[in-house]
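See structure below.
The values are calculated or read from the model by the stated rules, or taken from the named source; none is laboratory data. Note that the structure is a prediction, hence the values are computed from the model and not measured. We place every Cβ from the backbone using ideal geometry, glycine too, and count neighbours over all the protein chains shown.
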Amino acid sequence: MLILGIGISYLGNWIYLIALNLSILELTGSAAAVAGLYIIRPIAILLTNTWAGSVIDRVNKRRLMIMIDLVRGLLVFCIPFIGSLLIIYALLLLINIVGAFFGPSSTVYIAKLVPQENRKRFNSIMSMTNSGAFLLGPAIAGVLIMYFGTELCMMINAVTFLVCAFFIFLLPNVEEGQHRNRERVGWQLLINDWRTVTTYVMKAKFFMIVYALFQTAMLIGFALDSQEVTFIKQILQLSDWEYGVIVSITGVGALAGAFVSAVIAKKVPLKWYLGAGMFLTSVGYAWFYSSNSFITATAAFVFLGFFMAFANAGYATFFQNNVPVSIMGRFGSMADMLQGIVQIGFTLILGFLAEWFSLQLVCLIFSVVGACFALALLITVLLPLKQGNALMD
């Protein structure tokens, strides 16, 4: 039920994202106004993630996720009836602020709901669901927009949030019978929570080494994503249609990778999902940015998408297995905030260097650096260390 609910929500999000971009472009005729949509989420994360984890760890996660989806559904439903760009931006900021609580809450809920031996397979199926939504969502949006306009797409997304809330409502309350801490969230509590997370970070040295290596390689990949369209259009000189084909086939690769990772979850150790998955994903980035034709670029992206499914499932499982559920919300929220800052930094550095030097050369250097971090991660998780073996079980 959790997979079905979140999967329907993923599908609605993709339909909504396509419609929202077109709606803003139709409303304003400005590419800058559309670009502004992509600044809202980082702003929301910076506004909330210093204190969101303190709330998440002290409330009932199931009820919180239900409330988040109900509020998001209501706010999204209002967007088609608004003609002011500033008010739409304000609503989107509220939607993203509320949504910033959902990811960490669902991570904690999954850790409590799903037995440890089933988490790797569960996360692989979740990745497959996301990949399927990525494939189907834009296609469905295109048909709906063609015949009914963007308004219906947004209303469909509002309904998918309500459907997700309903399925979560049907799930068990994993915190029943527990005494919840009802402390009021204030500055002193936030400071204490930061100290609690810092204490855990200082003690969990092997976990943090693996975590830092994985996130560094992944964030370099996210920064490289920002130059994907420019590389395809300016360096490879491909058409919009060919770009669309590459993206679609990449989705097929990701879906296939998620399917295979779910099937073999019981047979392949977690360290191979995490280490080899991330290393081969980074190799895929290097392959893509060294390509010189449509065929090689497409093959590289299929390769990348396939192994990223393993890396994502491995990371989610590693995180859920090793961060104590009592601080998982706080750790996740604070980590998301720091990762957002690092990602913005990597993206800006890459963008500026690409303006000054050859785009392909700069992206290739970044991808090789990312592959080096991923190789260090692979070596680290494969080392026969007692602490490492315990965390990778």
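Scanning the stretch 258-273 finds one or more residues that are within 20 Å of the chain's Cα centre (by Cα), more than 21 Å from residue 371 (Cβ to Cβ), assigned to a helix (DSSP H, G or I) and of a type in the set (Phe, Trp, Tyr). The residues listed here are 30, 54, 84; of these, the one that is among the polar types (S, T, N, Q) and modelled with pLDDT of 80 or more is 84. Going by the conditions given, is residue 277 touching a residue at least 40 places away in the same chain (Cβ under 8 Å) and in a helix (DSSP H, G or I)? Judged against the criteria, residue 277 is not a match. Quick one: how many residues across the stretch 313-362 are more than 30 Å from residue 259 (Cα to Cα) and either part of a helix (DSSP H, G or I) or charged (D, E, K, R) (or both)? Number satisfying all stated conditions: 23.
A count restricted to the stretch 306-337 and to residues that are at pLDDT below 85 and hydroxyl-bearing (Ser, Thr, Tyr) stands at 2.
Name the residue that is surrounded by the most Cβ atoms within 10 Å (Cβ to Cβ), counting only residues in the stretch 106-139 that are over 21 Å from residue 266 (Cβ atoms) and either at pLDDT 80 or above or of a type in the set (D, E, K, R) (or both). Filtering the stretch 106-139 for residues that are over 21 Å from residue 266 (Cβ atoms) and either at pLDDT 80 or above or of a type in the set (D, E, K, R) (or both), the one surrounded by the most Cβ atoms within 10 Å (Cβ to Cβ) comes out as 108.
The numbered conditions (1) surrounded by 17 or more Cβ atoms within 10 Å (Cβ to Cβ); (2) in contact with a helix residue (DSSP H, G or I) (Cβ under 6 Å, 6 or more places away or on another chain) are all true for residue 218 except (2).
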